[in-house]
1. Looking at (1) more than 20 Å from Ala185 (Cα to Cα); (2) acidic (Asp, Glu); (3) not in a helix (DSSP H, G or I), which is the one condition that is false for Glu65?
2. Are any of the residues in the stretch 298-318 at pLDDT 95 or above, among the aromatic types (Phe, Trp, Tyr) and out of contact with any Pro (no Cβ under 9 Å at 6 or more places or on another chain)?
3. What pairs come up if the first residue lies in the stretch 200-223 and is without any contact (Cβ under 8 Å) to a residue 40 or more places away in the chain, the second is of a type in the set (D, E, K, R) and part of a loop (DSSP other than H, G, I, E, B), and their beta carbons are under 6 Å apart, counting only those six or more places apart or on different chains?
4. Residue check: is Val64 surrounded by 15 or more Cβ atoms within 10 Å (Cβ to Cβ) and of a type in the set (Val, Ile, Thr)?
5. Could you say whether any residue in the stretch 262-275 is within 14 Å of the ligand (Cβ to nearest atom), hydrophobic (A, V, I, L, M, F, W, C) and more than 14 Å from Val94 (Cα to Cα)?
6. Which residue out of Val359, Val379, Val330 is buried (at least 23 other Cβ atoms within 10 Å of the Cβ), in contact with a Cys (Cβ under 8 Å, 6 or more places away or on another chain) and either at negative phi or of a type in the set (Asp, Glu) (or both)?
7. Within the stretch 201-258, restricting attention to residues that are within 13 Å of the ligand (Cβ to nearest atom) and of a type in the set (Val, Ile, Thr), which residue is farthest from the chain's Cα centre (by Cα)?
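The values are calculated or read from the model by the stated rules, or taken from the named source; none is laboratory data. Please read these numbers as outputs of a predicted model, since none were measured by experiment. Note that each Cβ is placed from the backbone with ideal geometry, even for glycine, and that neighbours are counted across all protein chains shown.
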Amino acid sequence: MSAMADELLRYRADFSILQRTTYLISNSLGAMPRGVYDAMKEYADTWAHRGVRAWEEAWWMLAVEVGDEIGAIINAPRGSVSVHQNVTTTEAIVASCFDFAGPRNKIVYDDLNFPSIMYFWEAQRSRGARVHMVKTDDGVHVPLERLLDAIDEQTLLVPISHVIFRSSYLQDAKAIIEKAHKVGAMVVLDAFQSAGSVPVDVQALNTDFATGGVLKWLCGGPGVGYLYVRPDLGKKLEPKLTGWFAHQEPFSFEAGPIKYADPPFRFMNGTTHIPALYACRPGLKIIREIGVERIREKSKRQTAKLIALAEQRGWRVNTPRDPERRGGTVSIDMPNAQQVCQELLKRDILVDYRPNAGVRMSPHFYTQDEEIDRAIRAVEEILFSLKITAP
Ligand SMILES: Cc1ncc(COP(=O)(O)O)c(C=O)c1O
């Protein structure tokens with residue numbers, strides 16, 4: 001497709017790093033939109049000029065507004081998304097709504113989850129959780145039947161990734177959620193690697209919880225994770241990880257136990273992370289304006305191109321060939337992948353390397369086809385020079 005025909009390339013002007021680098025790393029940190037400078041200035045001006053009055057005038061409701069802006073991208077009803085510092089914290093908030101004393105105390109997940117999520121749930125064993133880890137054979141995906149079979153009448157929660165961070169495998173969230181509901185379990189869907197790159201509809205999926213962050217595909221910067229709680233659950237759950245923002249009347253400063261507010265405040269705890277909330281809005285606005293369907297269409301085409309170019313060169317691709325089972329990243333395990341990654345970085349081709357995955361390359365809506373060609377050509381040159389200089 002020519003640059004003329006690729007309408008999304010007009011957004012390149014909003015991202016200054018694209019003029020200086022080949023930016024193929026939105027799976028890790030999305031490029032910063034220019035609007036963040038103004039947003040941060042607005043934050044500083046508000047603090048400087050309005051002082052403590054800022055809470056009442058803008059800051060108290062900011063978390064709710066940003067939650068709704070994220071909610072619009074994952075089709076969550078207004079008021080069903082709360083925002084937090086990161087995904088790990090949101091898992092802790094979910095966990096704190098339950099105890100592990102009864103027979104339904106099993107946590108089922110797979111070993112391709114993001115490690116932080118595994119560390120958190122493994123640590124709940126000491127609190128009575130029985131953690132069942134379903135294993136992958138190929139490092140790319142976990143067989144669906146194996147995962148479904150592990151979800152049984154004793155399962156409380158199923159915390160899984162929608163798109164696997166290593167391989168970009170897109171899990172069948174609907175089938176997993178349906179099985180969980182059939183046996184009375186609930187799913188915590190980690191949409192970090194899908195939302196913004198792959199359409200996510202939390203209502204169509206009927207997931208119980210969804211979580212993720214804005215710093216990758218949503219171009220929102222570090223410091224904002226989100227938690228969607230299905231509204232019927234949101235009304236009755238009582239997170240024990242709680243605080244004064246979750247109180248019905250926070251300014252009564254009542255002593256004693258919490259009286260829970262309605263969602264989304266119900267799932268908050270202490271003072272919200274105001275600077276990060278300012279910083280994330282320009283990226284969210286651009287993603288909403290473009291629409292994830294269009295991003296997905298382009299992503300399927302450019303990831304297919306990357307896979308074809310890698311396969312033509314005989315490099316191992318650890319990402320599904322089927323576009324319907326693939327997210328926005330292509331993991332290429334060429335020879336000497338870790339060293340290749342370091343050399344690419346020296347050439348301002350920004351990618352990363354993950355063990356058992358290879359070099360991860362992630363085109364986004366702002367990526368030109370030529371940049372993909374450039375990255376692949378650079379890998380070829382690097383491999384050639386490594387061969388020549390190898391002892
Ligand atoms: C699927 C997935 N979940 C979670 C995280 C990060 O979790 P946290 O926000 O707790 O740092 C990442 C990557 O950073 C990820 O790829």
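1. The failed condition is (3).
2. The answer is no, given that none of the residues of the stretch 298-318 is at pLDDT 95 or above, among the aromatic types (Phe, Trp, Tyr) and out of contact with any Pro (no Cβ under 9 Å at 6 or more places or on another chain).
3. Here the result reads Asp208/Arg230, each pair linking the stretch 200-223 to a residue that is of a type in the set (D, E, K, R) and part of a loop (DSSP other than H, G, I, E, B).
4. On the way: surrounded by 15 or more Cβ atoms within 10 Å (Cβ to Cβ): yes; of a type in the set (Val, Ile, Thr): yes.
Yes; evaluated as a whole, the condition is true for this residue.
5. Pass one, the stretch 262-275, residues within 14 Å of the ligand (Cβ to nearest atom): 273.
Subsequent filtering for residues that are hydrophobic (A, V, I, L, M, F, W, C) retains none.
No, the stretch 262-275 has no match at all.
6. Details: Val379 fails: in contact with a Cys (Cβ under 8 Å, 6 or more places away or on another chain); Val330 fails: in contact with a Cys (Cβ under 8 Å, 6 or more places away or on another chain).
Answer to the selection: Val359.
7. First pass over the stretch 201-258, keeping only residues within 13 Å of the ligand (Cβ to nearest atom): 210-218, 220-227.
In the following step, the residues that additionally are of a type in the set (Val, Ile, Thr) were identified as 211, 214, 224.
Values: Thr211: 7, Val214: 7, Val224: 10 Å.
That would be Val224.
For (1) among the charged types (D, E, K, R); (2) surrounded by 22 or more Cβ atoms within 10 Å (Cβ to Cβ); (3) touching a strand residue (DSSP E or B) at 6+ places or on another chain (Cβ under 9 Å); (4) within 20 Å of His364 (Cβ to Cβ), each residue gets a yes or a no:
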site: Leu241; (1), (2), (3), (4): no, no, no, no
site: Ser252; (1), (2), (3), (4): no, no, no, no
site: Lys259; (1), (2), (3), (4): yes, no, yes, no
site: Asp262; (1), (2), (3), (4): yes, no, no, no
site: His273; (1), (2), (3), (4): no, no, yes, no
site: Leu277; (1), (2), (3), (4): no, yes, yes, no
site: Ile287; (1), (2), (3), (4): no, yes, no, yes
